[in-house]
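Working notes, structure below.
The values are calculated or read from the model by the stated rules, or taken from the named source; none is laboratory data. Predicted model, so just to flag it, every value in this text is computed and none were measured. Every residue, glycine as well, gets a Cβ built from its backbone with ideal geometry; the counts of neighbours run over all protein chains shown. Accessible surface areas use protein heavy atoms only, side chains included; no ligands, DNA or RNA. Shrake-Rupley method; radii C 1.70, N 1.55, O 1.52, S 1.80 Å.
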Amino acid sequence: MDAKDSLKLVLDALYHHKKQTITRAALIDLLRGSETRAIVDSGLIHSDFFGAGDKHEEPHYTAVIDQAIVEKYLTESDGHLSY
């Protein structure tokens, strides 16, 4: 999975969960399949996107999200991501 595929995954996951506010950390945990308290408590553990990007580590997704913000695909406000 290259950066383009990772960006598509990030955007698809945000679109799918657009009714929920999601932080950068929670989105990365969702994609990596990390069973954190935030993921479990919010029910994201049952998402189709849970673990969908488990081949990459957190720094990869941080870089993808940072670049998506620079390119104006995403915005981040009060720690929450939106498109």
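Things worth noting here:
- Sites Arg37 and Val70 - FRET efficiency at Förster radius 30 Å, r taken between beta-carbons, to 0.05: 0.50
- Per-bin percent of Cα-Cα distances, region 15-57 [10 Å]: 33, 61, 7
- Calculated mean residue ellipticity at 222 nm for the chain: -15000 deg cm²/dmol, from DSSP H runs with n ≥ 4 weighted as -39500 (n - 2.57), summed, divided by the residue count and rounded to 500.
- Charge dipole of the chain (Cα centre as origin; +1 on each Lys and Arg Cβ, -1 on each Asp and Glu Cβ, all else neutral): 220 debye, rounded to the nearest 20.
- Projected over every direction and averaged, the convex hull enclosing the alpha-carbon atoms of the chain yields 4.8 nm².
- Exposed trypsin sites (Lys or Arg not before Pro) absent: longest stretch of the chain, with sites in DSSP loops and at most 12 other Cβ within 10 Å deemed exposed: 20-54
- By accessible area, using a 1.4 Å probe on protein heavy atoms only, the chain has 52% of its surface on carbon and sulfur.
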